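Here is the structure we will look at, set down as structure tokens.
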Amino acid sequence: MKKNRSLLFLVFAFIFAQFAWLGLLGLWIYWYVANYLIIKQVGDKLSPQIVIDSPNVLVFVGGIILIVLIATAMFLIFRNLTVQVKLTKLYDNFIANVTHELKSPLASIQLYLETLSTKEVPSEKQKEFYGLMMRDSKRLKKLIDSILEISRLEKKRIAHNYHIYNADEVIRQLIKESIEQFRLSDSAVEILGEAPCKCVIDKDAMQIVFDNLTDNAIKYSIEAPEITVKLSCAKKYLMIEFADKGIGLKQKNQKNIFNKFQRIDNKNIPNVKGTGLGLYWVKGIVKFHGGRISASSEGINKGTTFKIEIPIYQSSKRFYVNKLLRETARKQKMLGREDGE
């Protein structure tokens, strides 16, 4: 509530400042013109030394430019301030979400450990508890790894493990692994089209892309998720369309959905868990492949389609793609030397 009031105060302060500058500019123009006209009409009667050929245009125009510059600077400061306020709010939401995501599996693990340490638990039940604790520990590890990877992504310190693959084979394999990980039925995911081209891909990174998109489709589907993946090869890009039949997106959310900490709230699915980093991570990975991603939706409850474009090997962004391969070769060479030592 305090943050909303603070933001409202900044808005009113900015509007007031703009009116103040515009008022000052109007008074300046009025004073300048009025005095010039008076002096022009009666100046020669007051003193023979007063000679007016034209007003000092340079001073007048210079003053106006200064005021415009000040107003522009104030606008930029205000805009950056509001962006920072928004980021702070998103960051607070992120901290709250991460805290919840961390506490939930920790509380579960603690409960199982306390039960095992204080009660006689049958061996079969013990195995079940150990399995559940392993699941929760993997969930914790995945969350922590995702936060660390986001940091590396922003500092451009991501690992390079790029290789040339047959696009159709590798994408189908990655999607299949996502299906298995989230325990979806084969009928829940349909793969259409073919992609008979080669591309340079980091399989581990692209697996994260499809895992996040699949997870997103599951979270934001009221009914059982239905996913359709369309593959094709254009002249220069491998085209992947990942579509679900979930709650969809409003027009205003279709661009900012990839922003850091951004989460789309929907009254139909109020308890969606997450950190708001998944799609931000996805966009970063696709960008590091030299590609691009966009999201579109026909509206609420009409599903969402993510369109991914990855450069085709030797057809698009040759210098960049070859750079990725060189970095991978250099990294593997360094690892080989370390192993040899």
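What the table below lists for this structure:
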item	result
Selection from the stretch 169-187 of residues that are surrounded by fewer than 18 Cβ atoms within 10 Å (Cβ to Cβ) and either more than 17 Å from residue 209 (Cβ to Cβ) or among the hydroxyl-bearing types (Ser, Thr, Tyr) (or both)	183, 185, 186, 187
Residue 70 vs. criteria at pLDDT 65 or above, assigned by TED's automatic domain parsing to the domain that holds residue 31 and more than 30 Å from residue 128 (Cα to Cα)	yes
Any pair with Cβ under 9 angstrom, 6 or more apart, that starts in the stretch 165-185 at a residue that is touching a residue at least 24 places away in the same chain (Cβ under 8 Å) and ends at one that is loosely packed, with under 15 Cβ neighbours inside 10 Å and in a loop (DSSP other than H, G, I, E, B)	166/196; 167/196; 168/194; 168/196; 179/185; 184/224
Exclusive hit being at pLDDT below 90, crowded, with 21+ Cβ neighbours inside 10 Å and closer than 20 Å to residue 322 by Cα, set 217, 159, 205	205
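The values are calculated or read from the model by the stated rules, or taken from the named source; none is laboratory data. Because the structure is predicted, anything quoted here is derived from the model rather than measured. All Cβ positions, glycine included, derive from the backbone under ideal geometry; neighbour counts span all protein chains shown.
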